[in-house]
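The structure appears below as structure tokens.
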Amino acid sequence: MPMPVVEIYTKDVCPYCVKAKALLGQLGVVYTEIQLSREPARMTELQARRPQARTVPQIFIDGVGIGGCDDLYALFEAGKLKAMLGV
């Protein structure tokens, strides 16, 4: 089974972004980081993909928005994240 496409929208100096990326890294997940501090125009893209998003990180797995850092950890603690990521 191929690994899902994981994307994470982040900003500089964001402890929640660091924490989310650390968990993904710990699980060996390859992800694409969209750094909004460096590419602010991509905020429009994020808002189109997930209109209710007001904070970063915002994480997408195979194009489906799962939310932010707390949501990522909740999925991990519930035992659902590894299945979603195929790890």
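The values are calculated or read from the model by the stated rules, or taken from the named source; none is laboratory data. Note that this is a predicted model, so its numbers are computed, not measured. Using ideal geometry, Cβ is built from the backbone for each residue, glycine included, and neighbour counts are taken over all protein chains shown. Accessible surface is based on the protein model in full, side chains and every heavy atom, while ligands, DNA and RNA are left aside. Shrake-Rupley method; radii C 1.70, N 1.55, O 1.52, S 1.80 Å.
See the values below:
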{"quantity": "Average accessible area per residue (Å²) across the chain - probe 1.4 Å, nucleic acids and ligands excluded", "calculated": "59 Å²"}
{"quantity": "Choice from Val13, Val30, Val64 showing the highest fluctuation, given a GNM over the chain with Cα pairs closer than 10 Å", "calculated": "Val13"}
{"quantity": "Protein-only accessible surface order, largest first, of Tyr16, Tyr31 at 1.4 Å", "calculated": "Tyr16, Tyr31"}
{"quantity": "Rounded to 5, the percent of DSSP beta bridges in the chain classed as antiparallel", "calculated": "65 percent"}
{"quantity": "The chain, helix-only ellipticity at 222 nm - DSSP H runs n ≥ 4, -39,500 (n - 2.57), divided by all residues, nearest 500", "calculated": "-11000 deg cm²/dmol"}
{"quantity": "Orphan Cys of the chain, criterion: no other Cys C-beta under 4.7 Å", "calculated": "Cys69"}
{"quantity": "Relative contact order of the chain, defined on C-alpha pairs under 8 angstrom at six or more residues apart (%)", "calculated": "38 percent"}
{"quantity": "Residues in region 14-54 reached by a label modelled at Val64 [backbone nitrogen below 19 Å; 7 Å Cα→Cβ]", "calculated": "24, 29-32, 49-53"}
{"quantity": "Alpha carbon Rg of the chain, scaled by the compact-globule rule 2.2 N^0.38 Å", "calculated": "1.02"}
